[in-house]
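In what follows, a structure is listed as structure tokens, so that the remarks can point back to it.
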Amino acid sequence: MSKCLWTCEEVTAAVEEEIRLQLRKADSALSEVTRNTCRDYAFGAYLAWEAVTRTCLTEQRFSEARRIGNLVEFPDSDGA
């Protein structure tokens with residue numbers, strides 16, 4: 001198995017692209033189930049990105065976390 005190395009910037013770009021793809025799918029979905037599944041997938045991609053990049057304690061990473069977090073719009077905390 002060959003080893004593939006990614007920079008933090010490459011991981012961020014790939015995850016952001018996947019999030020945007022899933023959100024576009026959600027926007028064009030005909031069923032609520034599909035729409036919610038795509039949004040959940042996008043949020044899961046964000047959580048995975050957070051887990052992978054959490055040790056990068058730079059201002060750029062914090063800025064990216066805010067920007068990407070705003071893309072996925074955190075789920076309602078009121079349970080609605």
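Every number here is computed from the coordinates shown, using simple stated rules; none is lab data. The structure displayed is predicted, hence computed values, not measured ones. All Cβ positions, even for glycine, are placed from backbone atoms using ideal geometry, and neighbour counts span all protein chains on display.
Only sites in a loop by DSSP and with at most 13 other Cβ atoms within 10 Å count here; which trypsin sites (Lys or Arg not before Pro) in region 1-66 make the cut? Passing both the DSSP loop test and the Cβ count: Lys3, Arg54.
For the chain, the longest principal axis of the Cα atoms and the long axis of helix 59-72 meet at an angle of about 20 degrees. Could you give the angle, 0 to 90 degrees to the nearest 10, between helix 8-28's Cα long axis and the longest principal axis of the Cα atoms of the chain? Relative to the chain, helix 8-28 is tipped by roughly 10 degrees. A helix-only calculation puts the chain at -24500 deg cm²/dmol for mean residue ellipticity at 222 nm, using -39500 (n - 2.57) for each DSSP H run of at least four residues, averaged over all residues. Angle of helix 32-53 to the longest C-alpha principal axis of the chain, folded into 0 to 90 degrees and rounded to 10: 20°. Can you work out the base-10 log of I(q)/I(0) for the chain at q = 0.13, 0.17, 0.21, 0.25 1/Å, using the Debye formula on its C-alpha atoms alone? For the chain, the Cα-only Debye profile gives -0.45, -0.71, -0.96, -1.18.
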